[in-house]
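The values are calculated or read from the model by the stated rules, or taken from the named source; none is laboratory data. Since we're looking at a predicted model, the values are computed, not measured. All Cβ positions, even for glycine, are placed from backbone atoms using ideal geometry, and neighbour counts span all protein chains on display.
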């Protein structure tokens, strides 16, 4: 089971993750959050998440397998 989290204190709300993976992340109250309806087990989505984790300018996104 894949778990994706975004550190609320670390997140700048820049929206980069939303741009890279809009089916996984969205903006709420000036912060990014993980879409609870997203299929995190999908291989294509997992690759998008990995890219987004690496791209986050403050390292706020974590992916655990």
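Numbers for the structure displayed
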{"item": "Which listed residue is more than 15 Å from residue 3 (Cα to Cα) and outside any loop (DSSP other than H, G, I, E, B), from 18, 45", "result": "18"}
{"item": "Qualifying positions in the range 11-25 - surrounded by fewer than 16 Cβ atoms within 10 Å (Cβ to Cβ) and either modelled with pLDDT under 95 or farther than 16 Å from residue 57 by Cα (or both)", "result": "22, 23"}
{"item": "Any pair with Cβ under 9 angstrom, 6 or more apart, that starts in the range 1-13 at a residue that is free of Cβ contacts under 8 Å to residues at least 12 places away in the same chain and ends at one that is surrounded by 13 or more Cβ atoms within 10 Å (Cβ to Cβ)", "result": "9/60"}
{"item": "Those residues of the range 27-42 which are surrounded by 14 or more Cβ atoms within 10 Å (Cβ to Cβ), farther than 21 Å from residue 1 by Cα and either under 9 Å from the mean Cα position of the chain (by Cα) or at pLDDT below 95 (or both), in sequence order", "result": "32"}
